[in-house]
């Protein structure tokens, strides 16, 4: 696949998509109605989580240089334990559960996990590197009831930083275009030393060609803070933003601030509207602030939700974590925060926030 050149003609793929368009549209309408109910519920009440990221296993089949969210040998969390955690999230009123990792498609009972999310009337999402997707696996995800899938692709050709390349994954994308009844988003990371940051533009155009949405992430350090972009990376980011087509994640003004060296003023609702539940069942602010509050989900109460809703996070002004920003936008207009989180002492294996 040539860099910067459109992919090979896909007339047969277009024909299949047209043949399947009616059932897909019906499912998309139903999904959109549930999403609108989720937004309405969030606007009416602040007492429940909007989005929870749940980790069913930490192991990954890749080892991307910029990632700090995986290991190479941990075991999957047993299905019964995951179902219990999902029940606890449902009881807290959680609207959306996104399965992440590690690489969640390594979990042998992922389909049953997704089915349970839907059974508890929550929207089901999945973040994957895509390597293990097959046409048959995509059909299984359809049957399980998956609503949203995000696949991460960082470059056209794999390099020493990231193996999540269009060359390796394009066939997987074609299978998704042919078979997926769920929404598909392609996310690319700018920064971190990827050899050709302009590849993000090729990936975005390919996503649109296949009928997917597209987003761009900005690389962060081990606490979720911006890592400075070099001139080529900065130029690639600006060109992505200048393409002018709406992406799946529409609230991205925070990225413009932080990549241009400006702190972004916002109210982070992590620990309340957004929860990160690690493989050990502990609730953390996010993937990059593991270690606080680190309360077992079994003991996480509505009082904890309210405390964290009102707690100012000192790491917020330079935070690059899009999912947390997206959720916080629902409450941007209300409830000023106070009582900054305490300075925490480092704990082995966990990342910690620090105040001034």
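The values are calculated or read from the model by the stated rules, or taken from the named source; none is laboratory data. From a predicted model like this one, the values you see are computed outputs, not experimental measurements. As a convention, Cβ positions derive from the backbone with ideal geometry for all residues, glycine included, and neighbour counts pool all protein chains shown.
Filter segment 189-215 for residues that are modelled with pLDDT under 85 and within 28 Å of residue 291 (Cβ to Cβ); which is surrounded by the fewest Cβ atoms within 10 Å (Cβ to Cβ)? Across segment 189-215, the extreme among qualifying residues is 193. Looking only at residues in segment 141-155 that are over 17 Å from residue 100 (Cβ atoms) and under 21 Å from the mean Cα position of the chain (by Cα), the one that is surrounded by the most Cβ atoms within 10 Å (Cβ to Cβ) is 155.
Just one of the listed residues (138, 127) is at pLDDT 95 or above and touching a strand residue (DSSP E or B) at 6+ places or on another chain (Cβ under 8 Å), namely 127.
Once segment 296-307 is narrowed to residues that are closer than 15 Å to residue 54 by Cα and surrounded by 16 or more Cβ atoms within 10 Å (Cβ to Cβ), the residue that is farthest from the chain's Cα centre (by Cα) is 300. Cβ-Cβ distances below 6 Å connect the following pairs, each with a first residue in segment 187-210 that is closer than 12 Å to residue 165 by Cβ, a second residue that is outside any loop (DSSP other than H, G, I, E, B) and modelled with pLDDT of 90 or more, and a separation of six or more residues or different chains: 188/203; 203/166. Inclusion of residue 262 among residues that are exposed (fewer than 14 other Cβ atoms within 10 Å of the Cβ) and either under 16 Å from the mean Cα position of the chain (by Cα) or modelled with pLDDT of 80 or more (or both) is not warranted. Taken over segment 263-281, the criterion of being within 24 Å of residue 104 (Cα to Cα), in contact with a helix residue (DSSP H, G or I) (Cβ under 7 Å, 6 or more places away or on another chain) and free of Cβ contacts under 8 Å to residues at least 60 places away in the same chain is satisfied by 270, 271. Taken over segment 73-94, the criterion of being within 20 Å of residue 106 (Cα to Cα), under 21 Å from the mean Cα position of the chain (by Cα) and not in a helix (DSSP H, G or I) is satisfied by 76, 77. Does at least one position in segment 35-48 carry a residue that is within 19 Å of residue 277 (Cβ to Cβ), touching a strand residue (DSSP E or B) at 6+ places or on another chain (Cβ under 9 Å) and in a loop (DSSP other than H, G, I, E, B)? No; the residues of segment 35-48 include none that is within 19 Å of residue 277 (Cβ to Cβ), touching a strand residue (DSSP E or B) at 6+ places or on another chain (Cβ under 9 Å) and in a loop (DSSP other than H, G, I, E, B). Looking at the structure I just gave you, is residue 101 under 20 Å from residue 274 (Cα atoms) and surrounded by fewer than 18 Cβ atoms within 10 Å (Cβ to Cβ)? Spelling it out, it is not the case that residue 101 is under 20 Å from residue 274 (Cα atoms) and surrounded by fewer than 18 Cβ atoms within 10 Å (Cβ to Cβ).
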